[in-house]
1. Looking for something closer than 24 Å to residue 28 by Cα and either touching a helix residue (DSSP H, G or I) at 6+ places or on another chain (Cβ under 7 Å) or surrounded by 21 or more Cβ atoms within 10 Å (Cβ to Cβ) (or both) - is there at least one such residue anywhere in region 238-249?
2. I'd like to know if region 52-63 contains one or more residues that are touching a helix residue (DSSP H, G or I) at 6+ places or on another chain (Cβ under 8 Å), surrounded by 12 or more Cβ atoms within 10 Å (Cβ to Cβ) and basic (Lys, Arg).
3. May I ask you to list the residues in region 77-88 that are more than 19 Å from residue 51 (Cα to Cα) and loosely packed, with under 12 Cβ neighbours inside 10 Å?
4. Out of the strands (runs of 3 or more DSSP E) lying entirely within region 138-242, which hold 1 or more residues that are touching a residue at least 60 places away in the same chain (Cβ under 8 Å)?
5. I'd like the full set of residues that are in contact (Cβ under 8 Å) with a residue 24 or more places away in the chain and in a strand (DSSP E or B), limited to region 40-67.
6. Please work out which residue is nearest to residue 164 (Cα to Cα), limiting yourself to region 68-86 and to residues that are within 18 Å of the chain's Cα centre (by Cα) and in a helix (DSSP H, G or I).
7. Answer yes or no: is there a residue in region 248-258 that is of a type in the set (S, T, N, Q) and assigned to a helix (DSSP H, G or I).
Amino acid sequence: MNAGSFALDINRFRKGHRSLIADSVAVEEPLEIRLGFSTTDGRATKSISITMRTPGHDDALAAGFLFTESIISRQGDIASIEACGPPAPDSGNHNVIRVELAENVDVDLGRLQRHFYTTSSCGVCGKASLDALRVTGVEAHQESDIIFPERVVISMPDQLRAAQETFEKTGGLHAAAAFDTNGEIQALMEDVGRHNAVDKVVGRLLMDDRLPAAALGMMVSGRASFELMQKTLVAGMPLLAAVSAPSSLAVQLAREFNMTLIGFLRGETFNIYSGDERICL
């Protein structure tokens, strides 16, 4: 077994015949994110998230989660990230990760009291949607000269699929990728949760000190939900493209914050729900 998938024997039924074959399935295990931070009484530690994820790039996932939830605002807010606790008995994966914040980082304890709980399918639950995003100080994108050619947009699904190593084995993972206006992928991550894949991409860019990413777009393998739009926005990206449908709240967010939202990106066709000025022929 590797971090993303494990092999097993299964029975396949096809046209009235049964056969024993080797197969691979995507790994799904919980990850607890613990935050260490300074208080007036000294250092404190708090568990702030439990998410079902595919093991791998857990440091990027934790960093991206903290950034897209506006708990931190820059790379320098993180002093260290490390796995802790005993490894899981079945897989050997470390399913607890601890993020130590720098001494001078102020932590909003009220925000932490909400104790985010995420699942592999729904994204962050219990949010007050657009109202919660407005109070974090996120601003709408300004008009700029960042343009994504049509040929770049339509090339992204094939590039995403070609780079999905674990998906090819399991068929069970989502993927997200940050790409530039030339169609070059700058970061790509897979995960059983679509929001986790995006957090891993954002976290990788944060750890490389590349945020805000005003010249990059985000490509996702599933639908365009509010959570994915929010994370793309907080990362400073002006564009989100998805192979499937957007939700109504995702469209509302895109239009309010002057983002480009593309859905049903398949073959040489796609729909633009907001920000068509960033797409050129």
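Laboratory data are not the source of any read-out in this text; all were calculated from the coordinates shown. Computed from a prediction, not measured in an experiment: that's the story for all the values here. Methodologically, a virtual Cβ is constructed for each residue, glycine included, from the backbone with ideal geometry; neighbour enumeration extends over all protein chains shown.
1. The answer is yes, given that some residue of region 238-249 is closer than 24 Å to residue 28 by Cα and either touching a helix residue (DSSP H, G or I) at 6+ places or on another chain (Cβ under 7 Å) or surrounded by 21 or more Cβ atoms within 10 Å (Cβ to Cβ) (or both).
2. Scanning region 52-63, I find at least one residue that is touching a helix residue (DSSP H, G or I) at 6+ places or on another chain (Cβ under 8 Å), surrounded by 12 or more Cβ atoms within 10 Å (Cβ to Cβ) and basic (Lys, Arg), so the answer is yes.
3. Of everything in region 77-88, just one residue is more than 19 Å from residue 51 (Cα to Cα) and loosely packed, with under 12 Cβ neighbours inside 10 Å, namely 80.
4. Numbers: elements: 174-179, 185-191, 217-220, 239-242.
Answer list for region 138-242: 185-191, 217-220, 239-242.
5. Across region 40-67, the qualifying residues are 45, 46, 47, 48, 49, 50, 51, 52, 53.
6. In this case the residue turns out to be 68.
7. Filtering region 248-258 down to residues of a type in the set (S, T, N, Q) leaves 248, 252, 258.
Subset that is assigned to a helix (DSSP H, G or I): 248, 252.
Yes - at least one qualifying residue is present in region 248-258.
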